[in-house]
Structures are given as C-alpha cells and as structure tokens.
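Quick notes on the structure that follows.
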Amino acid sequence: MPQVTLESAIAGPSQCPAAQGYDYLIVGAGFAGSVLAERLAAGMNRSVLLIDRREHVGGNAFDHYDEAGILVHRYGPHIFHTNAARIVDYLSRFTEWRPYEHRVLAEVEGRQVPIPINLTTLNILYGLAMDEAQAQAFLAQRAEPVASIQTSEDVVINQIGRELYETFFRGYTRKQWGLDPSQLDRSVTSRVPTRTDADDRYFTDRFQLMPLQGYTRMFERMLDLPTIDVLLGTDFEAVRDRVTYRHLVYCGPVDEYFGYCFGQLPYRSLRFEHTTLEQEWFQPVAVVNYPDEAVPYTRITEYKHLTGQEHRHTSITREYPCAEGDPYYPVPRPENAELYKRYKALADETPGVTFLGRLGTYKYYNMDQVVGQALAVYQRIAQAAGMTLETHEIEPG
C-alpha cells in the first residue's frame, strides 16, 4: 500500500510526479473511499490520492493486534453480513473468509437471554415452555396497537407491548442515543426483529462472514495499487488548496465540508474501554447487551468469538455512547433530516465534488451497503467515460 508524505502529495502522483496532479482526491479511507479508490485505479487506471485524518486505513472497521497479541476491533465489533453475492465476490478479491454467525445475549433480570427476542427468550423470562404458535399468541395478547406508527417506541409497543419494550428497548435506546425512543424515528427499532421461533442468530442474511486475516489486511490489499497514493494522519484542510486534483470525493461529514453554514448535523459518538484479561474466555458469545440504564455501558464485546483466534488470554471492550467525539451514528429525527436536505441541496450544486458514505450522505449504512454505494458511484463514472463494465459490476445485488 503506497504511503506518501504531504510534501510528495503536493508534488503529484508518486508513479508519475511530472503529471498535472491527481485525477481524484478521495477524503476518507473507510469502505466508501477505499472501494472507490480501488475501482478507479484498477478499473480505469486513474491516479488517486486517498487521505484520512486517522493514522490508519479501514475507517471504523480498523482492527489490529493489541499488546497481548489478540486481534481486536478498535471501534467496536464489525460483523460482515449481506444478501448480495456481488458484494462478497468483489471483497473476496482481497480476503479469504471465516464463516461466522453472530449471536447476541441481553443481560436482563440477572439472566442472559437471546436478543433479538425469540422463543427461547420468552420461555426463559416467563418460565414457560411455549412452541412457536403459542409464542405468536403470547405476543399478540401483549401487543398494544398504535394507529399511526411514527417513533421507535410506537414500533415496539405495537409489536410486543410495553412490558417487553421496557425490558429490552427503552433503557438501551436511551443510553445509545441520549434520547427516549419516543423522540426517535421508527427506523431505529425497526432494524431489530422479534421472532417466535428459536433462531438465535442476530442476522439472517445469506452471507455471514469475517475476513480471515482481519479487515485491515483486506484494506491494505485493496489499496496496494501503483496509481493509489495513501496519505494518513492528514486533515482535508491541510491539502484542500495545496494538492492538485481533477475531482474530489468527500466521505467526511457533509456539514463540516461546508463550514457548518446551516449548523451542525447531530451525531452520536462512542467511547471504548479496552481490557485484556488473564483468562481464556469472558462471556459465552461475542456481544452481550446491557439494556439496564443503571449500567453505564451498552454492550461488551469479546473478539475471539468473532475472529476464531486461539489465545490463553482474552480481550474485551465496553462501549459507552456519548454526545461528543468522532461522529458514528446520524441521529434519526425529522428535524435532522430537514437540516441534511439543506446541505444536500448545497452539495448537489457544488461542481467537481461527490459526497459519499455514511458521513457524506448523513445516513446509517451497513458495511455491505457502503460497498454497494461506492460501486454504484464507480459504475456511473465509468459509464460516463464510455467504458464497458464487467458483468458483475452492473448486476444488481
């Protein structure tokens, strides 16, 4: 992966210093920026300068070996799942995979039960031995129909009633977002299904995988091309007027690009507390959630479950949501959506700039969705240039 200094980036592409700057400057070396950089370089032989204010590639998916030699995710657990074969095929160019089905438990009333709620959860909580049909009737009796579902509270109460809502959703959501579910768009809790069978997988996607050697190694292979220069630990403002390029792809916060001219778009941030323990295992699954508001963190992750690594010690992370810090989650509220529309209108009127990714478009995406978004942008660029794409690059997921 060719890394350059600011001085050499100002001079021009490392493979051709005499060239009149780069074809593309891409801000943000996470999935969105890295995938598009790879496609532009490998598919169109364009010169790309990829920058990131952090000291590493991979964005929030960055993983590394801690002091004990355990592979951990610096920014919380990242589990790859998708129904799109073309996304898996694309990423498989840069990694082998480890099959992994994610399971999560929730600590409630002194017991750890499966989340999303399923048949096992209900039977343990209520001391019953229901089958699937009985569980459906059980939940139907507790559901409180909501005439017009607008909020995250409405979604859950409409499906399973207030008691289970209070047990699993209200406290966790208040910690995660700093807001009551009644103040959040319905999309937040709509992502968490309720099941009446015993399926305890967190995701049900066709493909559920982990990069065999980690995400960082996958990104390094993706970016190991002669026409990609990587500049890390560098803010966009440091290169904005000093590096020559034909087109900008901006994967940072869209409001920051425009100097917060309409005000700041709200995000939730996270603080991570990493600990290595002198024991082989800490918990039975990779992630245990803590819905109780008396517990200050939302979840604990134990990484060896994700990676399959064998080690006599184990490393865990406690996750504390907070208001200040790196932007992780756009806050889904109607007034925030309206504020973003103003920035999007400004972005659409800005020539020579493409806004991409979770921060660039103020929308929560799973990893596979970001990859798909970046590939779609590449398709538009390539087709506008009159190129014939490979079949897998134009087939829908």
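No value in this document is a laboratory result; all are computed from the given coordinates. Please read these numbers as outputs of a predicted model, since none were measured by experiment. Cβ: placed from backbone, ideal geometry, glycine included. Neighbour counts: every protein chain shown.
A few comments on the model shown:
- Of all lysines in the structure, the ones whose alpha carbon falls short of 25 Å from that of residue 175, not counting any fewer than 8 places away in one chain, are 363.
- Cα gyration tensor, region 1-61 - rounded (a/c under 1.5), prolate or oblate: oblate
- Of the peptides 377-387, 112-122, 306-316, the order by per-residue mean of other Cβ atoms within 10 Å, starting with the highest, comes out as 112-122, 306-316, 377-387.
- Scalar couplings 3J(HN,Hα) for region 101-113, obtained by applying the Karplus form with A = 6.51, B = -1.76, C = 1.60 to θ = phi - 60°, are 10, 7, 10, 10, 10, 10, 8, 9, 6, x, 10, 9, 10 Hz; x denotes Gly and Pro.
- Normalising the average separation of contacting C-alpha pairs (under 8 angstrom, six or more residues apart) by the number of residues puts the relative contact order of region 104-190 at 23 percent.
- Global geometry of region 279-385, whether rounded, prolate or oblate, following the gyration tensor of its Cα atoms and the 1.5 cut on a/c: oblate
- The angle separating the long axis of helix 367-384 from the principal Cα axis of greatest extent in the chain is about 30 degrees.
- Phi-derived couplings, Karplus 6.51 cos²θ - 1.76 cosθ + 1.60 at θ = phi - 60°, listed residue by residue for region 117-131: 3, 9, 4, 4, 4, 5, 5, 5, 5, 9, x, 10, 9, 6, 9 Hz, with x used for Gly and Pro.
- Distant-in-sequence amide H partners of residue 104 (H built 1.01 Å from N, under 5 Å): 115, 202
- For region 255-272, the Karplus equation 6.51 cos²θ - 1.76 cosθ + 1.60, evaluated at θ = phi - 60°, returns couplings of 5, 5, 4, 9, x, 6, 5, 9, x, 7, 6, x, 10, 9, 10, 9, 10, 10 Hz by residue, with Gly and Pro reported as x.
- Calculated [θ] (222 nm, deg cm²/dmol) that DSSP helices of n ≥ 4 give over the chain, each run adding -39,500 (n - 2.57): -8500 deg cm²/dmol
- For residue 249, residues with placed amide H under 5 Å, excluding near neighbours: 25, 26, 27, 354
- Per-selection metrics, the chain (Cα): Rg and Dmax in Å: 22.6, 75
- Global form of region 104-190, assessed from the alpha-carbon gyration tensor, a/c cut-off 1.5: oblate
- Reach of residue 344 by Cα under 14 Å, taken over aspartates and glutamates that are not fewer than 8 positions away in the same chain: 255, 256
- Around the amide H of residue 297, modelled in the peptide plane, lies no amide H under 5 Å away from a residue 5 or more places distant or on another chain.
- Listed from fewest to most Cβ neighbours within 10 Å, the set 44, 218 follows the order 44, 218.
- Positive end of the dipole of region 1-157 (Cβ unit charges, origin at the Cα centre): among 73, 92, 148, the Cα lying farthest that way belongs to 92.
- Since only 375, 306, 353 are under comparison, the one whose Cα sits farthest along the positive direction of the charge dipole of the chain, derived from C-beta charges on Lys, Arg, Asp and Glu, is 353.
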